[in-house]
1. Of the residues Ala53, Ala22, Ala232, which exhibits the maximal mean-square fluctuation in a Gaussian network model of the chain defined by a 10 Å Cα contact cut-off?
2. Please sort by residue number the trypsin sites (Lys or Arg not before Pro) in region 194-266 whose DSSP state is loop and whose Cβ has at most 16 other Cβ atoms within 10 Å.
3. Using only helices, what value at 222 nm comes out for the chain when you add -39,500 (n - 2.57) per DSSP H run of length 4 or more and divide by the total residues, to the nearest 500 deg cm²/dmol?
4. Once the Cα atoms of helix 231-241 and of the chain are each reduced to a long axis, what angle between those two axes, in degrees from 0 to 90 to the nearest 10, is obtained?
5. In a Gaussian network model over the chain where Cα atoms closer than 10 Å are linked, find which of Ala205, Ala131, Ala235 has the largest mean-square fluctuation.
6. For the chain, with a Gaussian network of springs between Cα atoms less than 10 Å apart, report the residue from Gly18, Gly222, Gly31 with the top mean-square fluctuation.
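A short reminder: the numbers here are calculations on the coordinates, not readings from a lab. None of the values given here were measured: they were computed from a predicted structure. As a convention, Cβ positions derive from the backbone with ideal geometry for all residues, glycine included, and neighbour counts pool all protein chains shown.
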Amino acid sequence: MDLQLEGKSAVVTGGSRGIGKAVALQLAREGCGVVVCARSQGPLEEAAAAIAAETGRRCIPVSADTSKPADLERVIETAVRELGGVDILVNNAAQVGGGGRNDTLLQGDESLFADDFNTKMMGYVRASRLAARHMAERGWGRIIIISGMASRYAGGVSGGMRNAAVTNLGAVLAQELGAHGVTVNTLQPGAVDTEALSGRLATMAERQGATADELRQRMAEGNAIGKIVTPAEIANVVAFLASPLSLAVTGESISVSGGGGRAIFY
């Protein structure tokens, strides 16, 4: 299927690894020029170079911390200057829920909330506002928000709250921006087979007296598809939502967990 993305320009936050890198790669494969941003310059430049080499498309790395408004302004300005605009924004930059800290009511530290919300929720708001101004002027755009299944199920206190907040943000922005030709949708991954997951499984295995392979198998068996979803599989969904073909889908909250959990949501 031709997703009609040839010549479009995209910005992917948190694009140096995991879901973000896979999304940037898939959009470039579909014909987009891409600006990727992340905090760590070295891994970011390596990811951008690899994407450009594989696809023959421009992939521009911009070191940025989404908790800092000036950094995001630089990211969007780069896309406008180097790629001619911003057609697609993928909000993905965030630490794993809890960030390795205790994310509970009784033992948690309030600093976690500040970090989580400033980086993820407010980072998404900042990037969306900056990109949407350009999209509205052109009368077309796509914003895809990466949330998480913690917005549907009870998890960590801060992790759940930030994901619920950005899921709500997607629905609100869809209503505001629809008249400008911009659609906004939220994806909710569960466990994803990224570099970060391997580290988390190792920590959990030590704490639970199991092996990482055993925990990985249990996690896979908890999904309807019998496996852990990969970043590339999520990137395929993002690419469709970024496409002109997805016009009928906006304001939606879509699970990309591989059928994790059995509750029914409407």
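1. Judging by the Gaussian network model, the answer is Ala53.
2. Values: sites: Arg200, Arg207, Arg216, Arg218, Lys227, Arg262; in loops: Lys227, Arg262.
Answer in residue order: Lys227, Arg262.
3. On the way: 9 runs with 122 residues, N = 266.
One gets -14500 deg cm²/dmol as the mean residue ellipticity at 222 nm.
4. Value to nearest ten degrees: 40.
5. Ala205
6. Looking only at Gly18, Gly222, Gly31, the largest GNM fluctuation is found for Gly222.
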